[in-house]
Amino acid sequence: MALLIYGLDISDIGSTQSWRDTLAEVLPRLEVRIFPDVGNTSEITYLAFMHPDFDAIPPLPNLKAMFSRSAGVETFVNHPKMPRVPLGKIEPAGGDPMMTEYVIMHVLRLHREVPLYQQAQAQREWLRRPIVRPEARRIGFLGFGLMAKAPALVLKSLGFPVSAWARSPKPDAEIPIFHGPDQFEPFLAQTDIAVCLLPLTCETEGILCARTFALMPKGAMVINIGRGRHVVDADLIAALDSGQLSYAALDALYPEPLPPESPLWLHPKVTLMPHVARRPTVRQLATEIAANIRSIEAGGGLLQEIDKAMGY
């Protein structure tokens, strides 16, 4: 039983040796190979990657499953050479604490109008604004997967009315769930701060556009932590300039890095972050990989299997 690791941000997250040491600790009987050290391809039963190049990865005849570090799979899921085996996410079942703190940070920052106070400080203006209480600021999550649930419940505990919009009903959810195309407009109409954590699919590309912004209450705010192509930049800037939107915080941009000539860089109502919402540690990733392998070897399946047809 061998695991091949391809491009898992080794230089960013940890060294080659840290991967080997951690996986040896959490799953001692697993042999670890790191690309391009492939060795005998018939011995490789698992493949973990980020941004895989399936033209470079050789055929793996005994592969049982693959694990993707990246939140989005749209760039490779239709590659003709991608192995036809189950594909799973490498994410903790309860969401990532880094993502939770990041969402909470941006929601509270916009809720308390910190960008406006920063502008006032730069102009040496002693500005005092009425304080909006949490119960009067409605938070809406676009998408209610693993990464959205934890911050949604934290915000609910702080007194914010929190809801979400999802593809299908979630009867066991602890917050109100709007679902499907027919409930998209009612969801937006009652959302003061929209937090996008959607996957990127043909249905969600460009979902944060002029139509969407017009359906939200005047002065609403947008936080995009999904994918850069969820946002139509020109429409966002127009909505901010007109006052239909008050602020936007963007962690995912398109393209990345954002070109220097983009008007988003210097827009006074936009906060840009260079896609830094979460950086899982080697131990987090190794623990999830090991848990999935143990499940499969015991006769079960992937803990969080990606539906390749749906794209998430």
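Things worth noting here:
- Sole exception among (1) surrounded by fewer than 17 Cβ atoms within 10 Å (Cβ to Cβ); (2) touching a residue at least 60 places away in the same chain (Cβ under 8 Å); (3) basic (Lys, Arg) for Arg69, by number: (1)
- Within the option set Ala148, Ala194, being assigned to a helix (DSSP H, G or I), small (Gly, Ala, Ser) and touching a residue at least 24 places away in the same chain (Cβ under 8 Å) holds for one residue only, Ala148.
- Verdict on Gly159 being on the phi > 0 side of the Ramachandran plot and not basic (Lys, Arg): yes
- Scanning segment 265-282 for residues that are in contact (Cβ under 8 Å) with a residue 24 or more places away in the chain and over 23 Å from Ile104 (Cβ atoms) yields His267, Pro268, Val282.
- Residues of segment 263-308 satisfying the condition of being closer than 30 Å to Ala234 by Cα and of a type in the set (A, V, I, L, M): Leu264, Leu266, Val270, Leu272, Met273, Val276, Ala277
- From Ala220, Ala166, Ala214, Ala194, residue being in the same structural domain as Gln244 (by TED's automatic domain parsing) and surrounded by fewer than 18 Cβ atoms within 10 Å (Cβ to Cβ): Ala214
- Filtering segment 231-246 for residues that are out of contact with any strand residue (DSSP E or B) (no Cβ under 8 Å at 6 or more places or on another chain), outside the structural domain of Val107 (by TED's automatic domain parsing) and within 30 Å of Gln183 (Cβ to Cβ) leaves an empty set.
- Within segment 276-312, being out of contact with any Pro (no Cβ under 9 Å at 6 or more places or on another chain), of a type in the set (D, E, K, R) and part of a helix (DSSP H, G or I) holds for Arg283, Arg294, Glu297.
Quick grid of which residues meet (1) assigned to a loop (DSSP other than H, G, I, E, B); (2) of a type in the set (Val, Ile, Thr); (3) modelled with pLDDT under 95:
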| position | (1), (2), (3) |
| --- | --- |
| Arg29 | yes, no, yes |
| Asp37 | yes, no, yes |
| Tyr46 | no, no, no |
| Phe54 | yes, no, no |
| Pro58 | yes, no, no |
| Pro61 | yes, no, no |
| Glu74 | yes, no, yes |
| Asn78 | yes, no, yes |
| Val85 | yes, yes, no |
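- Hey, Val114 farther than 30 Å from Met310 by Cβ, out of contact with any strand residue (DSSP E or B) (no Cβ under 8 Å at 6 or more places or on another chain) and surrounded by 13 or more Cβ atoms within 10 Å (Cβ to Cβ) or not: yes
- Residue ID - farthest from Leu208 (Cα to Cα), chosen from residues in segment 222-275 that are of a type in the set (A, V, I, L, M) and in a loop (DSSP other than H, G, I, E, B): Leu266
- The one condition in (1) among the β-branched types (Val, Ile, Thr); (2) under 21 Å from the mean Cα position of the chain (by Cα); (3) surrounded by fewer than 18 Cβ atoms within 10 Å (Cβ to Cβ) that Ile90 fails to fulfil: (3)
- Some residue of segment 259-275 being basic (Lys, Arg), under 30 Å from Val26 (Cα atoms) and buried (at least 18 other Cβ atoms within 10 Å of the Cβ): no
To keep it simple, each residue is scored yes or no on (1) at pLDDT below 95; (2) in contact with an Asp or Glu (Cβ under 8 Å, 6 or more places away or on another chain); (3) within 20 Å of Leu198 (Cα to Cα).
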site	(1), (2), (3)
Ala220	no, yes, yes
Ile225	no, yes, yes
Gly228	no, yes, yes
Ser242	no, no, no
Leu250	no, no, yes
Leu253	no, no, yes
Pro257	no, no, no
Ser262	no, yes, no
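For every residue, the table says whether it meets (1) touching a residue at least 12 places away in the same chain (Cβ under 8 Å); (2) outside any helix (DSSP H, G or I); (3) surrounded by 15 or more Cβ atoms within 10 Å (Cβ to Cβ).
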position: Gln119; (1), (2), (3): yes, no, no
position: Arg124; (1), (2), (3): no, yes, no
position: Ile131; (1), (2), (3): yes, yes, no
position: Phe144; (1), (2), (3): yes, yes, yes
position: Leu155; (1), (2), (3): yes, no, yes
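- Of the criteria (1) outside the structural domain of Leu240 (by TED's automatic domain parsing); (2) under 30 Å from His267 (Cβ atoms); (3) out of contact with any Pro (no Cβ under 8 Å at 6 or more places or on another chain), which one Ser15 fails: (2)
The values are calculated or read from the model by the stated rules, or taken from the named source; none is laboratory data. This is a predicted model, so every value here is computed, not measured. Here the Cβ is made from the backbone with ideal geometry for all residues, glycine too, and neighbour counts use every protein chain on show.
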